[in-house]
Amino acid sequence: QADMAMYAAKRSGQHTVFFSPELATGRQQRLSLETKLNHALAAGELQLHYQPVWELDSGRIVAVEALLRWQDAEGEMISPATFIPVAEEIGLMGALSKWVIDEAARQLESWRETGLELTMGVNLSVSQLQGADAARKIHDQVVSSGSDPQWWLLELTEEAVMQSPEAVMEAMRLLDGAGFRLALDDFGRGYSSLARLQAMPLHTLKIDKLFVDSLREDTPDDRVVRTVVELARQFSLRVVAEGIEHAEQARQLTAMGCSFGQGFWVSPAVAASEIPSLIRRAAPPAL
Ligand code: C2E
Ligand code: MG
Ligand code: MG
Ligand code: MG
């Protein structure tokens, strides 16, 4: 193993590199993750699960967010936070993202056939937002699947915007012009300037769980959430609060004028087949 590591170091042109046992193990875990991930898509190990988004005051489920799930051949669940960065690095994110949109479109269509008119939230990666051509690919894929762009909420993070603001803005303008709705995800964690926020064709702000967590019962700190809700009102944007785990948080958010929520209090992401019964049950209104 140490020899292989030395060999790799030589090939990459490095000199005087020492490999500690831990480093070798890390590298190996990483290599095996890459190999497994390369097979995962073809082997059908990837799935989309869907997390309901509800209207806080009525409890009505109005949308879902599609979230990638990977159960590897050994049955282990690997988090998207772990494998998405790896997929980006090994050039697999394009294929993965394409699969996500196909799968989400197919599911949306099948719900619509049974009369469920849900909005489909999908997370976009940085590579899907590199200019107008990248955006056109998303548009063509959605439209050729027979879906209407206005049923989709495309989520992007401030981090993605910051990586290449010009290209991402161009992609956003095209998608917005084609009728898609756009959401800024994990809002409050990044560094969007107000000038940039004003320039972005957004429909929705998703308040990061971090700030929803601060709405505790004992020493609640609602200043950031209150400010974001007010900001959204000024910009005529919708607000979705992420990561609601307790009734008390839902209550506080409703009182502040936040309209939509998502979180384990109502449901984690579940298999598509579980969504209709969740909708029939509805979320408890937070009064
Ligand atoms: P995200 O888009 O911010 O998604 C919300 C995350 O918060 C999900 O984690 C969800 O399971 C989790 N969550 C929701 N409610 C609660 C709650 O009440 N408590 C707690 N503890 N967690 C909650 P997940 O599924 O692990 O996804 C992590 C991130 O991976 C996502 O964050 C998104 O950035 C990325 N991701 C997931 N699927 C895709 C995909 O298809 N494409 C791309 N590009 N990224 C994806
Ligand atoms: Mg998201
Ligand atoms: Mg988020
Ligand atoms: Mg988040």
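Can you tell me the 0 to 90 degree angle between the C-alpha axis of helix 165-177 and the longest principal axis of the chain, rounded to 10? That works out to roughly 50 degrees. Counting only Cβ charges, +1 for Lys and Arg and -1 for Asp and Glu, the dipole size of the chain around its Cα centre is about 300 debye. The ellipsoid that matches the Cα gyration tensor of the range 21-161 has semi-axes, each √(5λ) in whole angstrom, of 29, 18, 15, with the longest given first.
Starting from the amide H of residue 56, placed 1.01 Å from N in the peptide plane, find each other amide H under 5 Å away whose residue is 5 or more places distant or on another chain. Under 5 Å from the amide H of residue 56: 260, 261. Please state the shape class of the range 223-287: rounded when a/c is under 1.5, otherwise prolate if a/b exceeds b/c and oblate if not, all from the C-alpha gyration tensor. Cα axes put the range 223-287 in the prolate bin.
The alpha-carbon of residue 36 sits under 16 angstrom from the alpha-carbons of these aspartates and glutamates, leaving out residues fewer than 8 places away in its chain: 45, 72, 74, 76, 88, 89. Sorting 27-33, 238-244, 250-256, 107-113 by average packing, meaning the other beta carbons within 10 Å per residue, from highest down gives 238-244, 250-256, 107-113, 27-33.
Helix 21-40 and the longest principal axis of the Cα set of the chain meet at an angle near 60°. A 1.4 Å probe run over the chain, with the rest of the protein chains in place, finds 52 Å² accessible per residue.
Helix 223-234 and the longest principal axis of the Cα set of the chain meet at an angle near 70°.
In this simple spin-label model, placing a label point 7 Å from the Cα along the Cα-to-Cβ direction at both residue 45 and residue 88 gives a separation of 2.1 nm. Reported value for the range 105-237: 118 Å³ per residue, from the convex hull of its C-alpha atoms. Computed across the range 120-193, the Kirkwood radius stands at 12.2 Å (inverse of mean 1/r, all Cα pairs). Given the options 247, 104, 63, which has the most mean-square fluctuation in a GNM of the chain, springs set between C-alpha atoms less than 10 angstrom apart? Result for the chain, Cα springs under 10 Å: 247 fluctuates most.
Orientation-averaged projection of the range 91-160 equals 4.7 nm² [convex hull of Cα atoms, one quarter of hull surface area].
Restricting to Cα atoms and excluding each atom paired with itself, what does the Kirkwood estimate give for the chain in Å? Every distinct Cα pair counted, the radius reaches 20.6 Å.
Shown in residue order for the range 124-137 are the 3J(HN,Hα) couplings computed by the Karplus curve 6.51 cos²θ - 1.76 cosθ + 1.60 at θ = phi - 60°: 9, 8, 4, 5, 7, 10, 8, x, 5, 5, 4, 5, 4, 4 Hz (x for Gly and Pro). The gain in end-to-end length when the residue 191 to residue 31 segment is fully stretched comes to 54.3 nm, 0.36 nm per residue minus the alpha carbon separation. Computed extension length for residue 270-residue 95: 60.7 nm, one decimal, from 0.36 nm per residue of separation with the Cα-Cα distance subtracted. Rounded to 0.05, the FRET efficiency of the residue 106 and residue 223 pair, given R0 = 41 Å and the Cβ-Cβ distance, is 0.45. In this simple spin-label model, placing a label point 7 Å from the Cα along the Cα-to-Cβ direction at both residue 173 and residue 230 gives a separation of 3.2 nm. Size descriptors for the range 142-185, from the alpha-carbon set: Rg then Dmax equal 11.1, 32 Å.
Temperature 20 °C, viscosity 1.002 mPa s: under these conditions the Stokes-Einstein estimate for the range 184-237, based on its Kirkwood radius over C-alpha pairs, is 181 µm² per second.
Label separation (residue 238 vs residue 203): 0.7 nm, computed from points 7 Å beyond Cα along the C-beta direction.
Here the chain has 52 percent of its accessible surface on carbon and sulfur atoms, given a 1.4 Å probe and all protein chains in place.
The values are calculated or read from the model by the stated rules, or taken from the named source; none is laboratory data. Everything numeric in this text was worked out from a predicted model, so none of it was measured. Positions of Cβ are generated from backbone atoms using ideal geometry, with glycine treated the same way; all protein chains shown enter the neighbour counts. In case anyone asks, the SASA skips ligands and DNA or RNA and just uses the protein heavy atoms, side chains included. Shrake-Rupley method; radii C 1.70, N 1.55, O 1.52, S 1.80 Å.
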